[in-house]
Amino acid sequence: MKQIVSKEAFNEGLAKLLTEYDIYGPVRHPYRGTHSDTDKIQYQQVHSFDEMEWDEKSQFSPKSAVLPINQLLFYFVEDQWLEASETMRKILVFLRPCDLHGMKRMDEIYLNNGAPDYFYERRRKMIKFVVVGCKETYRNCFCVSMGSNVPEDYDAALNIRDDHFELDIIDEDLAVFAGREADFDIDYVTENTFSIEVPEEVDSQYLAEHDMWREFDSRCIACGRCNYVCPTCTCFDMQDIYYKENEDAGERRRVWGACMVDRYTDIAGGITFRSKYGSRMRFKAMHKIYDFRKRFGYNMCVGCGRCDDACPQYISFSETIEKVGAVMKQKLNEEDPA
Ligand code: SF4
Ligand code: SF4
């Protein structure tokens, strides 16, 4: 159902949904950014549309609403354990088209990559998505190149206009807004300020030995920011916390992990895989534009550009993809100069 909804009617509709739903959207935190005098825009629970920030790209993705940064799984006492409860309320997440494509990748990893992840599935069943159309591209976005610019498979979608919203409701449970019927398309960008070419042919063995990764050994500082801001990075670590009062009791949590940070690949026996930072960059890049595609048929990276925005060393992931393409072209030319 497509309708025009005034701002007042939209907030009244949200107020109705709030009786059943926890609503998540990007919120601006003034002067809380990484650099002095900068703001931070991060996803969190909101109670009205006015709390959300849509004029700029959020530095963090909506991933935290779906996969909590720190998720309690179960409690244990000696050989007994008790499953931690999950929210009984439904969840509504407002997000951009690229981030909705990112959620599809999260679902692939947690639900379709072998047996479904019990804790992810339990929360995911409660979640619906409202796409907010993009009228213009932001700095470092390359969603068009990654095919993630067009909003698809949403529960509702909206265009933000000066004094009203254009609202497309697909899920009847969300049809609580008073408005008049209208016809429109949800906004999406058809061009970014730059485009990249993702190589079709990728020889991962050849690239594993290639010295293109060595520049990152010294440039990267393994801070992991590129992982934590990424809507498609899905790794986590397990942490067992033992209570001080009774050391046989405690809780198991999973917390976001990051393939770029130290200790991620440590295993028993004191062995560390990919100790060089460039090797970590190779692993991450191959996962985003090759390994995932090999399994699921499309690229993992959605081109949100947040990793480029966040890197303190000005390492550009989009340029890295271009370099992979150039190396592969050079290899093919050497093999077949004609
Ligand atoms: S552009 Fe960077 S942050 Fe965004 S999906 Fe791709 S790898 Fe992740
Ligand atoms: S954000 Fe930049 S410096 Fe930090 S781990 Fe990622 S590539 Fe390395």
task: Please list, or write none, the lysines whose alpha carbon is within less than 20 Å of the alpha carbon of Lys57, excluding same-chain residues fewer than 8 places away.
output: Lys40, Lys104, Lys135
- line: Across all Cα atoms of the chain, Rg and the largest Cα-Cα distance (Dmax), in Å, are 21.8, 74
message: Principal axis extents for the stretch 225-325, Cα atoms only, whole Å, descending order, please.
response: 55, 32, 28
- line: Taking R0 as 45 Å and r as the Cβ-Cβ distance between Lys135 and Val77, the FRET efficiency 1/(1 + (r/R0)^6), rounded to the nearest 0.05, comes to 0.25
Other-chain or far-sequence residues with amide H under 5 Å of Tyr43's (modelled H): Val27, Phe60
- prompt: Out of the stretch 1-105, which chymotrypsin sites (Phe, Trp or Tyr not before Pro) are coil in DSSP terms and have no more than 13 other C-beta atoms within 10 Å?
  reply: Tyr31
message: Just to confirm my numbers, what's the Cα centroid distance between the stretch 215-258 and the stretch 29-67 in Å?
response: 21 Å
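Since every read-out is calculated from the coordinates, none of them should be taken as a lab result. As the structure is a computational prediction, the values presented were derived from the model and not from experiment. When we count neighbours, we look across all protein chains shown, and the Cβ atoms used for this are built from the backbone with ideal geometry, even at glycine.
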